[in-house]
Amino acid sequence: MAQTEQILQVIRLARAFFRQRAEMGEEYLFGHVDTWPELSMKTLYESMEACQKCGLGGGRTNLVFGDGDEHADIMFIGEAPGRDEDLQGKPFVGKAGQLLTRIIESIKLGRSEVYITNIVKCRPPGNRDPSPAEIKACLPFLHQQIGMVRPKVICALGRIAAQTLLRTQSPISGLRGKVHIYHPYGSNHGIKLIATFHPAALLRNPQLKRVVWEDVKLLRKEYDGLIIE
Ligand code: URA
């Protein structure tokens, strides 16, 4: 490796280290997350690929990083990859994903105009819910991703995403239907967050369609409002 490349690599690793510490709440030591220079998505991908902080890393076929416009105003955050996502290395490509695509299109947007990712980046075996320890291990990566995409509005898909991001145990039925403010760790800057039911829940219970439609209309309204703000 050329000397310049070695120096750049050290700088990249140092930035990743400090940024992660800042996002884990060590604001008093390292300042606000917003003040840290951006890591590249590629570096973040590489650190996720090397991650074995929980047991899920060992069982995956592919890391499921994220998909879409890396500078999107809207970010959809689901729970964890399922079988299809694990095989393809892309979020929301199975049945629930196809429904998510239709939901996005119903508010006159395309998948390539938004950014889609999950709370947890590796598939939990048998599609079980990710455990609190797995979520905790993976969360710093999501915080970094949010810091890079810098969405104006986040749509949390389902209970796990909504409860994790809003740091609450309230049921999804009480969290949906309103605009929350999500505060990334170490940042004063709030991001609007709308929670709704997970597309997989919608597949199981089509009666939820009406409330999900209300939620995504609210999302569209917030998005349209950005142009005026
Ligand atoms: N369910 C999720 O929460 N995420 C995916 O990527 C696929 C299904």
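Computed from the coordinates by the stated procedures, all read-outs in this text should not be read as laboratory data. Note that the coordinates shown come from a computational prediction; the quantities given were computed from them, not determined experimentally. Cβ atoms come from the backbone with ideal geometry, glycine included; neighbour counts cover every protein chain shown.
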Diffing region 175-181: the Karplus 3J(HN,Hα) column from phi (6.51, -1.76, 1.60, θ = phi - 60°), in whole Hz with x for Gly and Pro, holds 8, 6, x, 9, 9, 9, 10
How charged is the neighbourhood of GLU49? Take every other residue with its Cβ under 13 Å from the Cβ of GLU49, and add Lys/Arg as +1 and Asp/Glu as -1.
+3
May I ask for the Kirkwood hydrodynamic radius of region 49-149, worked out over all distinct Cα pairs and given in angstroms to one decimal?
13.7
Taking the reciprocal of mean 1/r across every pair of different Cα atoms in region 64-228, the Kirkwood radius in Å is 15.6
Which pairs, out of LYS95/LYS152; LYS42/LYS221; LYS108/LYS178, put more than 31 Å between their alpha-carbon atoms?
LYS42/LYS221
If we count every other residue with Cβ under 12 angstrom of LEU203's Cβ, Lys/Arg +1 and Asp/Glu -1, where does the sum land?
+4
Nearest-0.05 FRET efficiency for GLU214 and GLN52 at R0 = 41 Å, using Cβ-Cβ distance, is 0.50
If we count every other residue with Cβ under 13 angstrom of ILE160's Cβ, Lys/Arg +1 and Asp/Glu -1, where does the sum land?
+1
For Cα pairs less than 8 Å apart in space and 6+ apart in sequence, what is the mean separation divided by the residue count of region 73-168, i.e. the relative contact order in percent?
45
Once you have the alpha carbon radius of gyration of region 84-138, what is it after dividing by 2.2 N^0.38 Å, with N set to its residue count?
1.27
